[in-house]
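First the structure, in the form of structure tokens, and then the observations on it.
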Amino acid sequence: MAGKQIEIATDGGRFEAYIAAPDSGKVPGVILVSSIFGLDQNMKDMCDDLAQRGWVALVQNFFWRDQDSGPLKMEDFQRAVARAQRIDFPKSMDDLMQGIAEVKRHRNCNGKVAVFGFCFGGPYAWRAACDGLEVDAAVSFHGTFV
């Protein structure tokens with residue numbers, strides 16, 4: 001199992017993501033939608049852990065369009081909140097669709113995909129399930145604005 005940084009193309013450009021998968025076998029996929037702190041080491045570690053447990057796991061940078069796009073820490077809380085408030089939800093839902101497609105294309109994915117949304121990511125999980133994004137499961141962990 002080796003996680004790696006990738007880029008995913010979308011109509012508006014390319015965004016950064018991290019993907020980890022088992023070395024062999026056909027397994028389900030999962031998209032992690034981060035909290036307001038973004039694509040940080042904690043999210044990458046979760047992907048690695050899920051891959052070790054038999055998932056193709058991807059976390060993507062939902063803040064790539066923002067001037068403050070990098071991972072943030074708890075001491076950056078106000079910046080993180082401000083950035084989350086600037087997000088263009090419809091465009092980032094399109095990004096989520098691209099992430100789902102990326103996981104489904106992975107050689108180890110069996111075609112089944114779940115979305116796990118953490119806080120800021122909660123509405124994305126809920127909407128993925130409700131809006132016909134062809135996911136098999138969705139979980140909102142303490143999701144905001146759900």
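Which part of segment 63-99 falls in the paramagnetic zone of Cys130, meaning amide N under 14 Å from the point 7 Å along Cα-to-beta-carbon? Counting only backbone N, you get 90. Label point of Arg86 set 7 angstrom out along Cα-Cβ; within segment 9-51, amide nitrogens under 19 Å from it belong to 12-16, 34-40.
The aspartates and glutamates within cross-link reach of Lys73, meaning a Cα-to-Cα straight distance under 14 Å and a gap of 8 or more places when in the same chain, are Asp40.
After finding the eigenvalues of the alpha carbon gyration tensor for segment 74-146, what semi-axes result from the square roots of 5 times each, listed largest first in whole Å? Each step should come with its number before you reach the end.
Values: eigenvalues 117, 33, 28 Å².
Listed largest to smallest, the semi-axes of segment 74-146 are 24, 13, 12 Å.
Of the residues Met93, Phe62, Gln78, the one whose Cα sits farthest toward the positive end of the charge dipole of segment 1-111, with +1 on the Cβ of Lys and Arg and -1 on the Cβ of Asp and Glu, is Met93.
Helix 89-105: angle to the longest alpha-carbon principal axis of the chain, degrees 0 to 90, nearest 10? Value to nearest ten degrees: 20.
Quick one: putting +1 on the C-beta of Lys and Arg, -1 on the C-beta of Asp and Glu, what dipole do you get for the chain around its Cα centre, in Debye to the nearest 20?
Working: 16 positive and 19 negative charges, 44 e Å.
Magnitude of the dipole: close to 220 debye.
Sketch the reach of a paramagnetic label on Asp94 as a point 7 Å from Cα along Cα-to-Cβ, and name the residues of segment 34-72 whose backbone nitrogen lies under 17 Å away. Inside the label zone: 61-66. Normalised radius of gyration (Cα atoms, divided by 2.2 N^0.38 Å) for segment 4-141: 0.97. The chymotrypsin sites (Phe, Trp or Tyr not before Pro) of segment 82-146 that meet both conditions, a loop assignment by DSSP and at most 11 other Cβ atoms within 10 Å of the site Cβ, are Phe145. Of all beta bridges that DSSP places with both ends in the chain, some 40 percent have antiparallel geometry. Normalising the average separation of contacting C-alpha pairs (under 8 angstrom, six or more residues apart) by the number of residues puts the relative contact order of segment 2-74 at 34 percent.
A short reminder: the numbers here are calculations on the coordinates, not readings from a lab. A quick note: this is a predicted structure, and the numbers were derived from the prediction, not measured. No Cβ is skipped: glycine too gets one built from the backbone with ideal geometry, and neighbour counts run over all protein chains shown.
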